[in-house]
Amino acid sequence: MTLQTLIVERHDAVTLVRLNRPEALNALNGQLMDELTAVLDETEADPTVRCVVITGSDRAFAAGADIKEMASKSYAEVFTEDFITRNWERVTRCRKPVVAAVAGYALGGGCELAMMCDFIIAADNAKFGQPEINLGVIPGAGGTQRLTRFAGKSKAMDMILTARMMDAGEAERCGLVSRVVPLAELISTAMEAAAKIAALSPNSVMIAKELVNAAYETPLSQGVKTERRLFHSLFAFDDQKEGMAAFVEKRPAKFTGK
Ligand code: CAA
């Protein structure tokens, strides 16, 4: 597929995906979401890719779903084409880790896309918001559910009902983002985190990711029980023997995914 709305770069075992519609502050239109789905399909199928970073520009991660494309759609159209569900949620089905590196605006669907990733590293100029209420609609790509789980009811209500934006510091304090870094260091920090993940045992990484995500859907006792079983299961892989032997022998581990 020839990509027109994304720039994809390969850095060793990490794929860096840049959302690239500068004329629309990276508004997420159908073409961009189709291309993102295709790129994530490819990275999932490629065993040499171990981690994905999604970013935008310094000015905008993404300013939401494309309002100009969406404005004239009828109910019949959005229902029949399964708008959002059809091509927005591929990132939530990735087994490999996906890091969002957010600078500038992450609004509406942009904030929702970032929240679909495994964690968010924000530049100090990042602004998060769910302003859909200003348009006579509501968040439609998971914002009412994910923001509430990450930031709590009061913050989610405040953001979604008033449409205000929060800055990077507030986003970090409320648990929406994992860390805030100067804008100039955003990509290097995200790529460093991704490279660290990419060098680990892919089995441990995938299982850890699966369990953290499951914590949102599972009662604590069940989640801990599943964690224990999967912890035990990792002893079936060579990587567990290698990781622990490397520690004892005071050398770097060489993980093979076996
Ligand atoms: N869709 C389409 N185009 C958009 C866009 C969007 N979400 N956001 C910005 N653009 C376009 C603008 O129309 C403008 O294009 P033109 O020059 O052709 O007019 C260009 O990007 C630059 O934007 P502005 O001139 O508005 O830039 P600004 O610096 O003055 O303001 C902004 C920046 C505050 C982010 C403002 O653009 C804005 O409020 N954008 C819309 C944010 C929004 O409402 N997002 C939610 C969308 S709905 C949604 O996402 C539904 C869902 O849950 C799935």
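The values are calculated or read from the model by the stated rules, or taken from the named source; none is laboratory data. On a predicted model such as this, the values are computed, not experimentally measured, just so you know. Counting neighbours? That spans all protein chains shown, and the Cβs are built from the backbone with ideal geometry, glycine included. All accessible areas refer to the heavy atoms of the entire protein, side chains included, with ligands and DNA or RNA removed. Shrake-Rupley method; radii C 1.70, N 1.55, O 1.52, S 1.80 Å.
Could you check segment 177-258 for helices (runs of 4 or more DSSP H) lying wholly inside it with 2 or more residues that are buried (at least 16 other Cβ atoms within 10 Å of the Cβ) and out of contact with any helix residue (DSSP H, G or I) (no Cβ under 7 Å at 6 or more places or on another chain)? First the steps, then the outcome.
Values: elements: 186-198, 202-214, 220-233, 238-248.
Ranges flagged: 186-198, 202-214, 238-248.
So which of Met165, Met157 is more than 15 Å from the ligand (Cβ to nearest atom), more than 22 Å from Arg18 (Cβ to Cβ) and out of contact with any Pro (no Cβ under 7 Å at 6 or more places or on another chain)?
Numbers: Met165 fails: more than 15 Å from the ligand (Cβ to nearest atom).
Testing whether each residue is more than 15 Å from the ligand (Cβ to nearest atom), more than 22 Å from Arg18 (Cβ to Cβ) and out of contact with any Pro (no Cβ under 7 Å at 6 or more places or on another chain) leaves just Met157.
For segment 33-42, how many residues meet the condition of being closer than 17 Å to Met116 by Cα and either of a type in the set (S, T, N, Q) or open to solvent by 50 Å² or more (accessible area, probe 1.4 Å) (or both)? Break it down into steps so the answer makes sense when it comes.
Just the residues of segment 33-42 that are closer than 17 Å to Met116 by Cα, to begin with: 33-41.
Then drop every residue that is not either of a type in the set (S, T, N, Q) or open to solvent by 50 Å² or more (accessible area, probe 1.4 Å) (or both), which leaves 34, 37, 41.
Number of matching residues: 3.
Is there any pair with a first residue in segment 1-27 that is at positive phi and a second that is open to solvent by 70 Å² or more (accessible area, probe 1.4 Å) and within 16 Å of the ligand (Cβ to nearest atom) whose Cβ atoms are under 9 Å apart and which are 6 or more apart or on different chains, and what are they?
Listed by first residue and then by second, the contacts come to Leu25/Arg59; Leu25/Tyr105; Asn26/Arg59; Asn26/Tyr105.
Which condition number in (1) more than 30 Å from Ala199 (Cβ to Cβ); (2) touching a residue at least 24 places away in the same chain (Cβ under 8 Å); (3) of a type outside the set (Val, Ile, Thr) is the one that Ala76 fails?
All conditions pass for Ala76, except number (2).
One residue is enough: does segment 197-204 have a residue meeting the conditions touching a residue at least 60 places away in the same chain (Cβ under 8 Å) and farther than 26 Å from Asp46 by Cα?
No, segment 197-204 contains no residue that is touching a residue at least 60 places away in the same chain (Cβ under 8 Å) and farther than 26 Å from Asp46 by Cα.
Hey, could you check segment 129-154 for residues that are in a loop (DSSP other than H, G, I, E, B) and open to solvent by 20 Å² or more (accessible area, probe 1.4 Å) and say which is nearest to the ligand (Cβ to nearest atom)? Break it down into steps so the answer makes sense when it comes.
First pass over segment 129-154, keeping only residues in a loop (DSSP other than H, G, I, E, B): 130, 136-142, 152.
Add one more test, that the residue is open to solvent by 20 Å² or more (accessible area, probe 1.4 Å), and what stays is 136-138, 140, 142, 152.
Values: Gly136: 10, Val137: 6, Ile138: 7, Gly140: 4, Gly142: 8, Gly152: 20 Å.
Ranking the candidates gives Gly140 first.
Since Thr55 meets every condition but one in (1) within 27 Å of Asn203 (Cα to Cα); (2) among the β-branched types (Val, Ile, Thr); (3) open to solvent by less than 60 Å² (accessible area, probe 1.4 Å); (4) without any contact (Cβ under 8 Å) to a residue 40 or more places away in the chain, which condition does it not meet?
Status for Thr55: all satisfied but (4).
Any idea how many residues of segment 94-128 are free of Cβ contacts under 8 Å to residues at least 40 places away in the same chain and surrounded by fewer than 24 Cβ atoms within 10 Å (Cβ to Cβ)?
Residues flagged as free of Cβ contacts under 8 Å to residues at least 40 places away in the same chain and surrounded by fewer than 24 Cβ atoms within 10 Å (Cβ to Cβ) within segment 94-128 amount to 1.
Count, please, the residues in segment 1-48 that happen to be within 26 Å of Ala199 (Cα to Cα) and among the aliphatic types (A, V, I, L, M).
Applying the first criterion (within 26 Å of Ala199 (Cα to Cα)) to segment 1-48 yields 6-19, 36-48.
With among the aliphatic types (A, V, I, L, M) added as a condition, the list becomes 6-8, 13-14, 16-17, 19, 36, 38-40, 45.
Going through segment 1-48 one residue at a time, the tally reaches 13.
Is segment 119-128 home to any residue that is farther than 19 Å from Glu172 by Cβ and either outside any strand (DSSP E or B) or out of contact with any Ser or Thr (no Cβ under 7 Å at 6 or more places or on another chain) (or both)? I'd like the intermediate steps shown before the answer.
Quick first cut of segment 119-128, residues farther than 19 Å from Glu172 by Cβ only: none.
No: segment 119-128 contains no residue that is farther than 19 Å from Glu172 by Cβ and either outside any strand (DSSP E or B) or out of contact with any Ser or Thr (no Cβ under 7 Å at 6 or more places or on another chain) (or both).
Any residue in segment 155-172 that is outside any helix (DSSP H, G or I) sitting within a Cβ distance under 6 Å of a residue that is open to solvent by less than 30 Å² (accessible area, probe 1.4 Å)? List the pairs, counting only those 6 or more apart or interchain.
Pairs that qualify, where the first residue is outside any helix (DSSP H, G or I) and the partner is open to solvent by less than 30 Å² (accessible area, probe 1.4 Å), are Met165/Gly129; Met166/Phe128.
Check segment 66-80 and report whether any residue there is surrounded by 15 or more Cβ atoms within 10 Å (Cβ to Cβ), closer than 28 Å to Ala126 by Cα and more than 12 Å from the ligand (Cβ to nearest atom).
Within segment 66-80 (the criterion being surrounded by 15 or more Cβ atoms within 10 Å (Cβ to Cβ), closer than 28 Å to Ala126 by Cα and more than 12 Å from the ligand (Cβ to nearest atom)), the answer is no, since none of the residues qualifies.
Looking at Asn87, Asn26, which one is within 16 Å of the ligand (Cβ to nearest atom), within 26 Å of Asn134 (Cβ to Cβ) and open to solvent by 10 Å² or more (accessible area, probe 1.4 Å)?
Details: Asn26 fails: open to solvent by 10 Å² or more (accessible area, probe 1.4 Å).
Only one candidate qualifies: Asn87.
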